[in-house]
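The structure appears below as structure tokens.
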Amino acid sequence: MQDRYEEIYRGFRWEVPQRFNMGWACCGRHALERHRFALYWEDEDGACAAYTYWDLQQQANRLSNALTALGVKRGDRIGIILPQRPETVVAHIACYQMGAVAMPLSVLFGPDALEYRLHNSETIVALVDTVSLPNLWPIRERLPALKHVIGVDGARESGTLSWESLLAQASRKFDCVDTAAEEPALLVYTSGTTGPPKGALKPQRVLIGNLPGFSHSHNIFPQTGDMFWSPADWAWTGGLMDALLPTLYHGYPILGYRGRFDPEKAFHLMEKYAVRNTFLFPTALKMMMKAVPEPKRRYEVTLRSIMSAGESVGETVFAWSREMLGVTINEMFGQTEINYIVGNSHTLWPARPGSIGRPYPGHKVGVIDDAGKEVEAGAVGEVAVHRTDIHGVPDAVFFLGYWKNPEATQNKYSANWCRTGDLAKKDEDGYFWYQGRADDVFKSAGYRIGPSEIENCLVKHAAVANAAVVGSPDPERTNIVKAFIVLTPGHQPSPELEAELQAHVRGKLAPYEYPKEIEFIDALPMTTTGKVQRRVLRLREEEKKKHLMAGKR
């Protein structure tokens, strides 16, 4: 195939208007075409629904008016603790069009995880369903800024407001606020190595910054007949900015599914709704490959594009997708703060198995050393994105900064380079090859996990004197969460205590954060300044797993 990369990359120009609103861009303007289709929705219990852009806009207008009546002002934070469901889409549109800041939170978060984020962000309204309400309610009185809780689909406690009643009483007419492109619109918390999670504050124009990568990773999206679906949670950047909002921006339909990921169900959904475009984590792809090795023998699959990110796809899955699905996977790399920056677009430039690709148009991406200088081709360094593109124009994908944390924002940069914390090397042709994290954050089944929050949770247990958490290599999930525990005097290691500690974390954080393995040790490896050397533990785990795998051969 012809490699058109240089022509496309160098010919790209950012076009960011001074005034821009994601609510209008993703729904309002499309709703003017009364019958333009927007959303299919289904859940694991069999409930189904369908919505036009006009349908979504009418509900968003009602919600914006209801929130205004509750005292929500421009810039106020609204917690959206909802899964993939129509109300989640409505909530985002409503927030953006009224100038409020949407703060998506996973329904998997336990009370501790919710409390920190809601308290730190000074969220004034939270939207919940029957899954997330039980985790919010025990901490409700410890959140002085939280004025109202709105329950969706029968989520009720004394003092909650009914979504259905609020919308029924509100006007369906609302004029979109005239927002600047730089105005805050979205607050997404991301795990860190040290200290609590940090809130990445994003402006209205950040969606424009995501579009070049999104379009190219789906072989020039949109095309006639395109239909998007991804199991990625809309509470995360992957589901929100890599699936939901870009699809709506282009005025195309998307499928939402509320339920646990199941490989055969995934194929069923793609067949039933004629899905043409999808974002699937490598873990999901591996599960699908093992469960249904020859999918076209059982399902009528009409996929034309697959984007994958979060960890390495690997040559086996890459080859399987090409052979059995007829689709070349476009790998992508990005993070919450600066998303969709590197990747492939195999119809325009060759995708190399194992490579995360080349910088997408509009992004000047380099590999830098500790001093912030670019390293030579083939050398390992930290992936970093320049504030401006190759033409000297500000990159539209950048976040505004960390919420109430200017020091962390400053530390994110080396001069004009924004550091990702991920290591890679770049070859002579400009392809990036991922080498791992520069810090202690790790990926597990597509989730980005920081050790600090888990360690703090473990130490709250009476039996734990100290704890260190690392990613332990796992063939299915890339890594699993492993905790090294130093016990307090009077407590002894036992399977019962191990199960108790796992349940302790599961009940307070997200299910994917609980330690699947626990090892009790006498002391943690420490630096002379008293910091835990997680790297020592991580290398030990890598060596241990390597020997285990060798013994199975």
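The values are calculated or read from the model by the stated rules, or taken from the named source; none is laboratory data. This structure is a prediction, so every number in the text was calculated from the model and none was measured. Quick reminder, even Gly has a Cβ in these numbers, built from the backbone with ideal geometry, and neighbours come from all protein chains shown. Note: areas computed on protein heavy atoms with side chains; ligands, DNA, RNA excluded. Shrake-Rupley method; radii C 1.70, N 1.55, O 1.52, S 1.80 Å.
Taking 19 Å as the straight-line reach from the Cα of Lys147, the lysines in range (excluding those fewer than 8 positions away in the same chain) are Lys73. Cross-link partners for Lys364 among the lysines, with Cα-Cα distance under 21 Å and sequence neighbours closer than 8 places in the same chain left out: Lys202, Lys373, Lys412, Lys425, Lys426. As a calculated quantity, the FRET efficiency between Glu542 and Glu264 at R0 = 41 Å, using C-beta atoms, amounts to about 0.80. Each label point was placed 7 Å from the Cα along the Cα-to-Cβ direction; for Ile521 and Arg19 their separation is 5.9 nm. When the residues Glu33, Glu115 are ordered by accessible surface, computed with a 1.4 Å probe over the protein chains alone, the sequence from largest down reads Glu33, Glu115.
Computed packing ranks the peptides 96-108, 436-448 as 96-108, 436-448, most packed first, by mean other Cβ atoms within 10 Å.
Report summary: the helix-based calculation at 222 nm, which adds -39500 (n - 2.57) for every DSSP H run with n ≥ 4 and divides by the residues of the chain, gives -8000 deg cm²/dmol. Sorting 278-291, 139-152 by their mean Cβ neighbour count within 10 Å, with the most densely packed peptide first, gives 278-291, 139-152.
The amide H of Asn466, built 1.01 Å from its N in the peptide plane, has Val486 as neighbours under 5 Å, considering only residues 5 or more places off or on other chains. Cross-link reach is defined here as a Cα-Cα straight distance under 18 Å, omitting same-chain residues fewer than 8 places apart; for Lys544 the lysines meeting it are Lys482, Lys516, Lys552. Peptides 55-66, 396-407, ordered by how many other C-beta atoms sit within 10 Å of their residues on average, highest first, read 55-66, 396-407.
Stretching Ala503 away from Arg322 to a fully extended chain increases their span by 61.1 nm, per 0.36 nm per residue minus the current alpha-carbon distance.
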